[in-house]
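This report refers to the structure that appears directly beneath it.
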Amino acid sequence: HPYLRMRAFQGQEFTLETVSIYAASLPSYAAAGNRAWGWLTQRLLDPSTVRDTLFPGTVALALGVAGLAAAPRRYRAVAVVASAVAVVFSLGPDTALYRFLHEHVVLVRGVRALSRFALVPTLALSVLAGLALAGRRRAVVLSAFGLMMVESANLPLRLERYDGPSLASRWLAGKEGAVLVLPLAGNDTLAMLDGLAHGRPLVNGDSGFIPRPFDRAMEL
């Protein structure tokens, strides 16, 4: 397994202290990051207890609950159990179950961003919402979709501008060997975007895990 090889070579594991930074909290599931409900959750919830904004929205939640009644019994059980396990796992060291798994299951210590497990109940809600709307009139489906989009809107999005690959990255296309953009960690995201133009092996990269050779290269 690649993780076991990396662990044997690098000795890399994420401690409870590290994963707790990237774990969710129960208030996170009630916190919204959109314009419709963000202001309300910011007013009602203690910011120190919110590590992420994971509220799926009232429309998706209502349709998911409605779809639970229409879902086949087998899927209903899978959706509920998988969502519950994912939520508990996303809470990380706040639960005794995760602390036990972290202590006794080696692969668990290789997972850093535990809040991403919140995607499991979100995906389950999406399918359940589809089951709730299955067979409904087109106007009903479009209305539900429109309400969901309005509720989820978070515009305008302020993203950093990217003007396309540099002349140097275009010149590197088709040539042999790896590419190193200096200074390392100066702007690795830009180096990775430029790497799409030449498609060659790239030393630069963004990751929560820094291999020892990369760390040593930065020192040099």
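For this structure, a couple of remarks:
- When the surface is traced with a 1.4 Å probe over the full set of protein chains, Val108 keeps roughly 20 Å² accessible.
- Rolling a 1.4 Å probe over the protein heavy atoms leaves Glu219 with an accessible area of roughly 120 Å².
- Remark: accessible surface ordering of Ser83, Ser166, Ser28 (largest first) is Ser166, Ser83, Ser28, probe radius 1.4 Å.
- With K and R counted +1 and D and E -1, the other residues having a Cβ less than 10 Å from that of Tyr22 yield a net charge of +2.
- Pairwise label distance in nanometres, Met6 with Ala36, each label 7 Å out on the Cα-Cβ vector: 3.7
- Estimated from helical segments only, the mean residue ellipticity of the chain at 222 nm is -16000 deg cm²/dmol, where each DSSP H run of four or more residues counts as -39500 (n - 2.57).
- Solvent exposure of the stretch 155-220 amounts to 77 Å² per residue of accessible area, where only protein heavy atoms count and the probe is 1.4 Å.
- Kirkwood hydrodynamic radius of the chain, from inverse mean 1/r over distinct Cα pairs, in Å: 21.1
- Solvent exposure, largest accessible area first (probe 1.4 Å, DNA, RNA and ligands not counted), of Trp39, Trp171: Trp171, Trp39
- Degrees separating the helix 138-152 axis from the principal Cα axis of the chain, which is the longest one: 50
- Taking the protein heavy atoms of the stretch 91-178 in the context of the full set of protein chains, the accessible area attributed to carbon and sulfur is 64 percent at 1.4 Å.
- Label zone of Glu176 (point 7 Å out along Cα→Cβ, amide N under 16 Å): in the stretch 185-220 this covers 200-201.
- Whole-angstrom gap from the stretch 143-164 to the stretch 21-66, using each part's C-alpha centre: 17
The values are calculated or read from the model by the stated rules, or taken from the named source; none is laboratory data. Given the structure is predicted, the values throughout are model-derived calculations rather than measurements. Methodologically, a virtual Cβ is constructed for each residue, glycine included, from the backbone with ideal geometry; neighbour enumeration extends over all protein chains shown. Protein only, heavy atoms only, side chains kept; ligands, DNA and RNA dropped before computing areas. Shrake-Rupley method; radii C 1.70, N 1.55, O 1.52, S 1.80 Å.
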